[in-house]
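The values are calculated or read from the model by the stated rules, or taken from the named source; none is laboratory data. If you're wondering where the values come from, they're calculated on a predicted model, not measured in any experiment. Glycine also receives a Cβ, built like all others from the backbone with ideal geometry; neighbour counts cover every protein chain displayed. Only protein heavy atoms, including side chains, enter the accessible area calculation; ligands, DNA and RNA are left aside. Shrake-Rupley method; radii C 1.70, N 1.55, O 1.52, S 1.80 Å.
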Amino acid sequence: VKSIGEILSPILHLSKPSNILIYGKTGTGKTAVTRHVISRLSTTCNATGINATFVYCNTRMTGTEYRTLAEIASNTGIAVPFTGLAVSEVSGRLQQHIKSNALRIILVLDEIDYLAASFGDSLLYDLTNSSALINPGFLSIVGISNDLKFKESLGARVLSRLSEEEIVFPPYSATELQTILQERAKSAFKPNSYTEAAVNLCAALSGSEHGDARRAVDLLRIAGEIAEREGSTNLEEKHVRIALQKIDQDRISEALTTLPLHAKLILIALTKDQTENTSTGSIYNHYSTLCQACGIEPLTTRRISGLVTELDTLGLVSAKLVNYGRYGRTKKITPQITIHTLTQAFQDDSSVGHIMKQPISQAC
Ligand SMILES: Nc1ncnc2c1ncn2[C@@H]1O[C@H](COP(=O)(O)OP(=O)(O)OP(=O)(O)O)[C@@H](O)[C@H]1O
Ligand SMILES: [Mg+2]
């Protein structure tokens, strides 16, 4: 809050603040903190009679370059038709409007990586160019991204203008999450309906796993819902542990149901195979039989090996290369989910549901 506030504070002396690029993983408070600073600055400007405009725009929400520009334009007091003009025409009008009215604008472009990934950096080029050229008046840009590789998609000129200042938001520590969650608990729950230990456990678990405040708040909320559903009058540590399990299970089921068909079949072949440490070769036979049962052509072993690597990345299997010295190396694959979980996720699946209902010997 202090760093962003300091960088933007020249607006209080009617000078142009530097552009800022803000980075950090998801849930580290980038949006919340930036909006907080903007709102405080806006209040101070109003109270002291400083004429300034603050525009917040999430480029993923606005969707296209045109709509992003139209949103900025309407927030700064010029009307732009819904469609019909070229993007460069709108950005030219916006620039002219800021100049002729000597407007002082701080523009927050949240999820700016979306804009650059979908449409290239031409709009950002126009905006940063305006930011450098407009006089009188100014346009300062605060770009926010949770994609750390986003910079690579920008041209050198856009990058150097946009990142006059850079701020990185690190993941929250358990202690920081504790403060955030204690405040949330106070406003979410009735007094004496939760234990401090339960809130602190949410913070400790989230801090050590990801440092994501959104997921930490979610964990607390789900724990509260579980306690409520159980008819308990007090949120305790046991509810947090159940909530954590539920979140993990939900995440796994979502990962499972959205897998491509062949990946589902590989997982079924692996999980139904009772031998330990299956190799790619031995799964392939099981997998081919399952393909036959589904009436589809099996993929090549190379493609299967690629899918196994993807399943490994998702944490659904563990694939390790084992070295047999002069007998070569082979990939040993172990499923990380139980047959029960898999059955629950796939039993109603239109393409593989019927295989799940067969006994092991018939399925493989
Ligand atoms: N310092 C904080 N104090 C209170 N609540 C916070 C704080 N930081 C984050 N939060 C809360 O955590 C959630 C996620 O924060 P936020 O939306 O700012 O993350 P983000 O870094 O913008 O994530 P993303 O990259 O996914 O957009 C929000 O509900 C927000 O209110
Ligand atoms: Mg955000």
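Tabulated data
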{"quantity": "Folded to 0 to 90 degrees: helix 301-313 orientation relative to the chain principal axis, Cα", "calculated": "60 degrees"}
{"quantity": "Stretch gain in nm, segment residue 12-residue 323, where the contour uses 0.36 nm per residue and the Cα spacing is subtracted", "calculated": "105.4 nm"}
{"quantity": "Average accessible surface area per residue within the stretch 26-83, 1.4 Å rolling probe, Å²", "calculated": "51 Å²"}
{"quantity": "Fully extended contour minus Cα-Cα distance, from residue 102 to residue 289, at 0.36 nm per residue", "calculated": "60.1 nm"}
{"quantity": "Packing-based ranking, highest mean first, of 106-114, 189-197, 64-72 given that Cβ atoms within 10 Å are counted", "calculated": "106-114, 64-72, 189-197"}
{"quantity": "Per-q log10 I(q)/I(0), the stretch 72-178, q = 0.10, 0.21, 0.22 Å⁻¹ (Debye; single scatterer per alpha-carbon; no solvent)", "calculated": "-0.34, -1.18, -1.26"}
{"quantity": "The stretch 8-37 and the stretch 111-134: distance between their alpha carbon centers, rounded to Å", "calculated": "17 Å"}
{"quantity": "Estimated FRET transfer efficiency when R0 is 45 angstrom, pair residue 350-residue 79 (beta carbons, to 0.05)", "calculated": "0.35"}
{"quantity": "5 angstrom amide H check on residue 56, placed H, neighbours 5+ away", "calculated": "108"}
{"quantity": "Cα gyration tensor category, rounded, prolate or oblate, for the stretch 234-276 with a/c compared to 1.5", "calculated": "oblate"}
{"quantity": "Among 45-52, 301-308, the order from most to least packed when residues are scored by Cβ within 10 Å on average", "calculated": "301-308, 45-52"}
{"quantity": "Highest-first arrangement of 346-352, 121-127, where packing means the average Cβ count within 10 Å", "calculated": "121-127, 346-352"}
{"quantity": "Over the stretch 122-264, relative contact order from alpha-carbon pairs under 8 Å, at least 6 apart, %", "calculated": "19 percent"}
{"quantity": "Theoretical FRET efficiency, 1/(1+(r/R0)^6), r = Cβ-Cβ of residue 255 and residue 157, R0 41 Å, to 0.05", "calculated": "0.50"}
{"quantity": "GNM top mover of 225, 176, 297 - the chain, alpha-carbon springs below 10 Å", "calculated": "297"}
{"quantity": "Residues whose placed amide H lies under 5 Å from that of residue 235, excluding near-sequence neighbours", "calculated": "194, 195"}
{"quantity": "Angstrom value of the Kirkwood radius, inverse mean 1/r, which spans all Cα pairs in the chain", "calculated": "24.6 Å"}
{"quantity": "Probe 1.4 Å, protein heavy atoms only - accessible area per residue of the stretch 166-298 in square angstrom", "calculated": "54 Å²"}
{"quantity": "Computed helical MRE - 222 nm, the chain, DSSP H runs ≥ 4 contributing -39500 (n - 2.57), nearest 500", "calculated": "-17000 deg cm²/dmol"}
